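Read-outs: derived from the displayed coordinates by stated rules, not from any lab. Everything quoted here is computed from the prediction, not taken from an experiment. Reconstructed Cβ throughout: ideal geometry from the backbone, glycine too, with neighbour counts over all protein chains shown.
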Amino acid sequence: MNGRTEPAEAETDAIARPPLVRELLLVAGLFLVYKLGRQLATGHTGEAFRNADGVWNFERAAHLPGEGSVQNLLLHGDTLIHIANTYYATVHFPATAAFLVWLYLRRPAHYVWARRVLAALTAAALVVHLAFPLAPPRMLTAAGLIDTGQVYGPSVYGSPETDHLSNQFAAMPSLHFGWALMVAIGLIVATRSRWRRLWLLHPLLTLLVIVGTANHYWLDAIVVTAMLGLALAVINLPRRTATTAGRGAGKLVPAARDEESALVGAGAGR
């Protein structure tokens, strides 16, 4: 039975997994386009602060909880806020990269789906960044929040006037939260562990961190969640392959099921 199922799994992987070099070039190209596109949105300081006032006032009118309430929780100790700043600075890209690498190696069909969703979400976010520059709450006087990265460290941003590596007026939507949510959804879909829903702790922690460090508004996370939902609705999930079914759920792949039926039939005829 193993002799027939293992080659079937290997064949499925070989067919579904895209060429590695092509994928590396594609992901690197998308990242460069995104970074260059973000730079096109720089220089809109006045508009970014006007939009920030509008977002802040809208949140208060909608009775969303104040971002300051989360920050106050983190400010109970220097260690806690330092951990939050470190999480914001170091987890975002490595966690997403590790997610894609794992899918590529273990769930290639899901990898293609996840890569497409992330690319669509990132492209749509870039359009919003260009059309709606937004200063983060740490820059907004009305918010009364602390720039925890500058005060407690570590910080990924320099002065907005001299920082040429990032666009600090691209708060909406929050790709920190959007990517984290997609990582959790992708791992829940691609695995069959009874504990897989614990992956939702990643976007939950990310949400608390981006709000508590005053890098994003609640609305930034709400908007990116809606955008991700639209991307997931448009980009279809892959069908369960023999590899996924055999490894994840412990079920027999079709070839193995046919072989078992044949063995049962042979036994009944004796």
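Tabulated data
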{"quantity": "Simple label model, 7 Å out from Cα along Cβ direction - residue 201 to residue 30, nm", "calculated": "2.8 nm"}
{"quantity": "Inter-probe distance in nm under a simple model that places probes 7 Å from Cα toward Cβ, at residue 194 and residue 22", "calculated": "4.1 nm"}
{"quantity": "Inter-probe distance in nm under a simple model that places probes 7 Å from Cα toward Cβ, at residue 101 and residue 236", "calculated": "3.2 nm"}
{"quantity": "Hypothetical label at residue 226: residues of the range 44-72 whose amide nitrogen lies under 14 Å (7 Å Cα-Cβ projection)", "calculated": "55, 58-59, 62"}
{"quantity": "Built amide H within the under 5 Å cut-off of residue 170, gap 5+", "calculated": "134"}
{"quantity": "The range 65-111 - convex hull of alpha carbons, volume per residue in Å³", "calculated": "96 Å³"}
